Amino acid sequence: MRRVCNLIVIVVVLATASHAWAVPAFARKYKTSCVTCHTIYPKLNPFGEQFRRNGYRFPGVDSDAVKAEPVALGTDEQKKMFPDAVWPGTVSSFPPLAIGFNGQAVFHPDKNSSAGTADNHAVVNLDTLVEEGHLWAAGSVDDSITYYAELTAADGGLELETASVFFNDLVGADHAVNLAVGKRIGSYTSFQPHGSYFADLMMPSVPVTALYGATSDPFAFNDNHNGIEVNGVLGSRFDYAAGFAAGTNIDARNSANVYGHAGYKFGGATLDGEDTGGVPQDLAHEQSVTVDVFAYRAISRFNDSADPPVLTKDTSVTVGGTVRAQHSEMELDAGVFYQTDDRVTSTAPSTATLSQWDEAAYLVYPWLAVGGRVEYLRVTPNGGTAVADLKIVPGAAALIRPNIKLILTAPLEQATGMPDAGWGAAGLSAAPADPTSNVSMEIESVELQLWAAY
Amino acid sequence: MSISRSLVIAALLSSSLPAFADGKISGTVDAKPSKYLKDTIVYIKEVPSTKLAAKTFVVDQKGMAFVPHIVLIAVGDTVKFKNGDKFDHNVMSPDGGYDLGTWGGGGEKEHVFAKPGVFAQVCKIHPEMLAYVFVGQNRFAAVVDDNGSFTIDGVPAGSYELVVWNPKLKAASKNVTVVDKGAATVKLSLAR
């Protein structure tokens, strides 16, 4: 049973691994340092968030900031001739690509901890010292159409994690109505999904059906899905998104996932970098609070853990909200979502899931962040007993160079029971002996991650 | 030089330029973003009582490019468009509303510019090709150099509106006064 669980965990983690982060293709395009947009990548600073939110474009007219002039596929005069001429565009004068890798050395101070046990009681595990390789493509077709893609290579093979085209400024004022088409994480908050210093995703990914043993197509709303999203920034302070996504299904079905998000930023830099009223934006020391709410309704079809597996249909509804507060070099993030699933296995009752997370980080220097995060996950089967996991991750992240970084974390974890297939599918380590057993707070590991991008 | 020949030259000069036409306007133009400084033209909008003899200028299409990229002419002048490549080119202007057609290497066609303005010249076959024909009310115009500097020579004494044109950026015009045999210096700024 444990081997099956481990296999499920590996499959799920690989399937949901998502490291959309710094893209040196942009550094080449604008001839600017990574730290123009990032603090310690992939974490975006307020300017980088504006750039991302604007569809990977600088505020104002994007081409004004481009220094590596692209090859023009026609002059602007062609626009005057349309429809008797092809609308002009550009291609990058160099391949708009970047590469990177990441991995970690894992130490188990307590080799009998859950994570140490999963590593066969190894004290030092270098198996994933180089875990993933990445190829990014990012750039613009013109001042309104942009693209972003990421291909990741790992032990599980190649995966196209992200591939999106952004049609910006479609209607009304600049940034008011944009269209994002492709495979990506939807916009559930005003900020990048990978905005954590100490974890892959700021908002934890919780594939509930996998926690109950789904052997195929585990669904988490904040994974990369194919879909179409309309988003925008109104009045420079309010942003929104509404999307329609394929989600995850074992067989071809009508895509039925829908979601929406609304956010508002008080103080600090504007969300889109426009309408500053002539007031300089102190991007490195802003004081701001941003509040977001979101909702997601999904239908997923998967094979459950029965033998033989039973095709199961789960309908989930998720509502949540986040708050980000920045006070100069200090940033605090907090968020919560509540999700109901009506059928996590063919025979199980419905479940209610609560995920809550907090992260605090302080930039001691522009290249060094210290802090930590807390993740709390509770799953309650209808009529059953709630199981919960608490993870505390103190950490530090440091840029050795603008494109090379180290992250040191020491995750601590405790669990009160566990879902049928354990906590691994949610990226958690605590492994109670059975669903009703507990794991006291234990140090799972000390991890030193190395990331590089070129 | 014979007296009659001198009289002819004097008559020609008097037909094109007012008296005391040896003033000068020079200056610099800066642009934000600076990469768009290229293709900036500075010109005197109107010189009273200008009467010009029509001229013919040549723009070649060579190596998949218009040469020169910018040609400065005056109302009534002709531009002869040549094809110096070994394959077909076209000449048309979305601003001027004319299409001279498509012709092969060695061929040429002419167009008379009857109205002032800046007329983009494109080749419908090769969308990346672009030239500008600047048509002034007079011939007092200059293209700025890589540093943004320009000089307009032979300006008659008087007060004028100095205008800047750029494909992407704008600048407010400036009034400038040129005294007899004098030099006026102007600084202009282009921005979105």
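The values are calculated or read from the model by the stated rules, or taken from the named source; none is laboratory data. Everything quoted here is computed from the prediction, not taken from an experiment. Positions of Cβ are generated from backbone atoms using ideal geometry, with glycine treated the same way; all protein chains shown enter the neighbour counts. Surface areas here come from the heavy atoms of the whole protein model, side chains and all, with no ligands, DNA or RNA. Shrake-Rupley method; radii C 1.70, N 1.55, O 1.52, S 1.80 Å.
Taken over the range B:93-119, the criterion of being touching a His at 6+ places or on another chain (Cβ under 9 Å) and open to solvent by 70 Å² or more (accessible area, probe 1.4 Å) is satisfied by B:T102 alone. If you check B:V176 against the conditions, is it in contact (Cβ under 8 Å) with a residue 12 or more places away in the chain and under 19 Å from the mean Cα position of the chain (by Cα)? Here the answer is no, as B:V176 does not meet what is asked.
Of everything listed in (1) touching a Lys or Arg at 6+ places or on another chain (Cβ under 6 Å); (2) open to solvent by 20 Å² or more (accessible area, probe 1.4 Å); (3) within 14 Å of chain A (Cβ to nearest Cβ), the single unmet condition for B:N90 is (2).
Residues that are open to solvent by less than 40 Å² (accessible area, probe 1.4 Å) and of a type in the set (D, E) were ranked within the range A:319-377; the one that is nearest to A:P218 (Cα to Cα) is A:D341.
Reported count of residues in the range B:37-60, each being modelled with pLDDT under 95 and either outside any loop (DSSP other than H, G, I, E, B) or polar (S, T, N, Q) (or both), is 2.
In the range A:175-203, the residue that is farthest from A:G139 (Cα to Cα) out of those that are open to solvent by 30 Å² or more (accessible area, probe 1.4 Å) and at pLDDT below 95 is A:D200.
Only a single item in (1) within 16 Å of B:N138 (Cα to Cα); (2) surrounded by 17 or more Cβ atoms within 10 Å (Cβ to Cβ); (3) within 14 Å of the chain's Cα centre (by Cα) is not met by B:V59, and it is number (1). Here is the figure for the range A:145-166: residues that are without any contact (Cβ under 8 Å) to a residue 40 or more places away in the chain, open to solvent by 30 Å² or more (accessible area, probe 1.4 Å) and of a type in the set (G, A, S) total 3. Being within 14 Å of chain A (Cβ to nearest Cβ) and among the polar types (S, T, N, Q) is the filter here, so list the residues in the range B:162-192 that pass it. Of everything in the range B:162-192, just one residue is within 14 Å of chain A (Cβ to nearest Cβ) and among the polar types (S, T, N, Q), namely B:N166.
The C-beta contact set for the range A:354-365 (first residue under 24 Å from A:S316 (Cα atoms), second residue in a strand (DSSP E or B) and among the hydroxyl-bearing types (S, T, Y), distance under 6 angstrom, 6+ apart or interchain) comprises A:L354/A:Y338; A:Q356/A:Y376. For the range A:242-281, a residue qualifies if it is part of a strand (DSSP E or B) and within 21 Å of A:S300 (Cβ to Cβ), and the qualifying residues are A:A242, A:G243, A:F244, A:A245, A:N249, A:N257, A:V258, A:Y259, A:G260, A:H261. Could you please let me know if A:T312 is closer than 28 Å to A:G260 by Cα, β-branched (V, I, T) and part of a loop (DSSP other than H, G, I, E, B)? Judged against the criteria, A:T312 is not a match.
Looking at the range A:387-400 only, could you name the residues that are open to solvent by 40 Å² or more (accessible area, probe 1.4 Å) and in contact with a Ser or Thr (Cβ under 8 Å, 6 or more places away or on another chain)? Break it down stepwise before answering.
Looking only at the range A:387-400, we keep the residues that are open to solvent by 40 Å² or more (accessible area, probe 1.4 Å), and these are A:390, A:392, A:394, A:400.
Residue satisfying the conditions is A:P394 alone.
For the range A:108-115, indicate whether the set of residues that are assigned to a helix (DSSP H, G or I) and touching a residue at least 12 places away in the same chain (Cβ under 8 Å) is non-empty. For the range A:108-115, residues assigned to a helix (DSSP H, G or I) and touching a residue at least 12 places away in the same chain (Cβ under 8 Å): present. Close Cβ contacts (under 9 Å, 6 or more residues apart or on different chains) running from residues in the range B:98-116 that are in contact (Cβ under 8 Å) with a residue 40 or more places away in the chain to residues that are exposed (fewer than 14 other Cβ atoms within 10 Å of the Cβ) and assigned to a strand (DSSP E or B) comprise B:E110/B:T56; B:E110/B:K80.
So that you can scan it fast, the table gives a plain yes or no per residue for (1) within 11 Å of chain B (Cβ to nearest Cβ); (2) buried (at least 21 other Cβ atoms within 10 Å of the Cβ):
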residue	(1), (2)
A:P24	no, no
A:C37	no, yes
A:Y41	no, yes
A:L44	no, yes
A:R52	no, no
A:G55	no, yes
A:P59	no, yes
A:D62	no, yes
A:E77	yes, yes
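When each of A:N382, A:N403 is tested for being in contact with a Ser or Thr (Cβ under 6 Å, 6 or more places away or on another chain) and among the polar types (S, T, N, Q), the lone residue that passes is A:N382. The requirement of being open to solvent by 40 Å² or more (accessible area, probe 1.4 Å), assigned to a loop (DSSP other than H, G, I, E, B) and over 27 Å from A:P109 (Cα atoms) is satisfied by A:D420. Being β-branched (V, I, T), in contact with a Phe, Trp or Tyr (Cβ under 9 Å, 6 or more places away or on another chain) and not assigned by TED's automatic domain parsing to the domain that holds B:V59 is a condition met by no residue of the range B:115-131. If you scan the range A:120-144, which residues turn out to be over 14 Å from A:L450 (Cβ atoms), touching a residue at least 40 places away in the same chain (Cβ under 8 Å) and of a type outside the set (S, T, N, Q)? Once the filter is applied, which keeps residues that are over 14 Å from A:L450 (Cβ atoms), touching a residue at least 40 places away in the same chain (Cβ under 8 Å) and of a type outside the set (S, T, N, Q), the range A:120-144 yields A:W136, A:A137, A:A138, A:G139, A:V141, A:D142, A:D143. Checking each residue in the range A:64-74 for being surrounded by 19 or more Cβ atoms within 10 Å (Cβ to Cβ) and facing another protein chain (nearest Cβ under 9 Å) picks out A:V66, A:G74. Scanning the range B:120-142 for residues that are more than 10 Å from chain A (Cβ to nearest Cβ) and open to solvent by 30 Å² or more (accessible area, probe 1.4 Å) returns B:I125, B:Q137, B:R139. Restricting the range A:80-100 to residues that are away from chain B (no Cβ under 14 Å) and crowded, with 16+ Cβ neighbours inside 10 Å, the residue that is nearest to A:A415 (Cα to Cα) is A:G100.
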